[in-house]
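This report concerns only the one structure given below.
The values are calculated or read from the model by the stated rules, or taken from the named source; none is laboratory data. In this text, all values refer to a predicted model and were calculated from it rather than measured experimentally. All Cβ positions, even for glycine, are placed from backbone atoms using ideal geometry, and neighbour counts span all protein chains on display.
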Amino acid sequence: DPTAECESCEYTDLELARHLRPAEYERYMSGRRRRLQEAIQQEVQAQQAEALREEMERLRQCRICLTAEANALFMNCGHYGACLQCARRLPAPPNCPFCREPVARVQQVFRQ
């Protein structure tokens, strides 16, 4: 296969066009395009996975202190997004920090 040796040689695309027959050059370039598309697709998938991981991590964070993991559920409205420490620091009578509805109680949520 004449294109096999061109994979590792120092030819530019223009020099390859002169070096190979048209069908061989097209096959070589087609393979190069395919490998480039695969590499781009893998990079995009990796970036999407990282963005999703970051978003999941952000959603696990307490939206009040932004440091602890959210683990408090506000009963009545059902909002979730604060840590138990921040939820317990709400002034009495407590209102949900997200919708301002009165909070009957705060339930700790355990995640797996």
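The table that follows gives values for the structure above.
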{"quantity": "Residues of the range 57-107 classified as of a type in the set (S, T, N, Q) and part of a loop (DSSP other than H, G, I, E, B), total", "calculated": "3"}
{"quantity": "Flag for residue 105 being touching a Phe, Trp or Tyr at 6+ places or on another chain (Cβ under 9 Å) and surrounded by fewer than 12 Cβ atoms within 10 Å (Cβ to Cβ)", "calculated": "yes"}
{"quantity": "Residue list for the range 71-89, filter: crowded, with 17+ Cβ neighbours inside 10 Å and at pLDDT below 95", "calculated": "81"}
